[in-house]
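Structure record follows, encoded as structure tokens.
The values are calculated or read from the model by the stated rules, or taken from the named source; none is laboratory data. Here the structure is a predicted model, which is why all the values come from computation and not from measurement. Ideal geometry is used to build each Cβ from the backbone, glycine not excepted, and the neighbour counts take in all protein chains shown.
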Amino acid sequence: MTELSDTPDDAAASRRERASGVMVLIVDDEVDLARTCERLLRRHGYDVVTATTRASALTALAAGTSWLVVCDVRLPDGSGLDVVRAARQQTPPARAIVMTGRPSETGRRAALDSGADEYMTKPFSASSFAALVDRTLGRP
């Protein structure tokens with residue numbers, strides 16, 4: 001929360017500084033969820049791109065920027081874990097959070113083995129999602 005003594009410009013600059021240099025790629029075929037995550041992270045100062053398919057996520061990754069990938073496991077055209085593996089092969093390797101609405105220990109292990117830094121289950125709160133993104137990127 002911004003302290004009352006901060007001017008709006010100071011608060012915005014602080015958020016931009018905190019998030020600078022990393023683009024967040026949200027990959028989920030649930031368009032409403034992807035847009036909600038995008039709006040939340042933009043308010044926290046992150047630059048965000050969304051994708052609804054494995055193919056469009058892989059195309060976005062090919063842009064060669066520094067990414068944090070937040071990816072659903074089940075996508076209409078394949079596994080989100082393919083996106084995580086591709087993200088981890090970038091230079092430098094992208095950070096990744098895998099999310100799923102069907103949690104299991106086997107699924108968690110597969111996500112981590114694919115290179116995910118974190119595994120989260122849907123539904124989740126806005127505050128826990130934002131905190132997880134910050135933590136994954138090593139931000140206070």
#### Entry: Matching option when the condition is at pLDDT 95 or above, surrounded by 16 or more Cβ atoms within 10 Å (Cβ to Cβ) and closer than 26 Å to residue 39 by Cα, among 110, 116
116
### Summary
Going through the stretch 62-75 in order, the residues found to be at pLDDT 95 or above and either at positive phi or buried (at least 17 other Cβ atoms within 10 Å of the Cβ) (or both) are 68, 69, 70, 71, 72, 73, 75
### Task
Using the structure shown, decide if residue 139 is modelled with pLDDT of 95 or more, on the phi < 0 side of the Ramachandran plot and either surrounded by fewer than 16 Cβ atoms within 10 Å (Cβ to Cβ) or touching a Gly at 6+ places or on another chain (Cβ under 9 Å) (or both).
no
### Query
With respect to residue 116, is the statement that it is part of a loop (DSSP other than H, G, I, E, B) and closer than 28 Å to residue 43 by Cα true?
yes
### Query
From 92, 123, which residue is more than 14 Å from the chain's Cα centre (by Cα) and within 18 Å of residue 21 (Cβ to Cβ)?
92
### Query
Are any residues in the stretch 18-59 among the small types (Gly, Ala, Ser) and either part of a helix (DSSP H, G or I) or modelled with pLDDT under 95 (or both), and if so, which ones?
19, 20, 21, 34, 45, 55, 56, 57
### Message
When the residues of the stretch 89-107 are narrowed to those that are in a helix (DSSP H, G or I) and of a type outside the set (S, T, N, Q), which ends up surrounded by the most Cβ atoms within 10 Å (Cβ to Cβ)?
### Response
107
### Message
Being under 15 Å from the mean Cα position of the chain (by Cα) and more than 12 Å from residue 133 (Cα to Cα) is the requirement here; does residue 73 meet it?
### Response
yes
### Residues that are farther than 14 Å from residue 37 by Cβ and β-branched (Val, Ile, Thr), drawn from the stretch 80-99
83, 84, 91
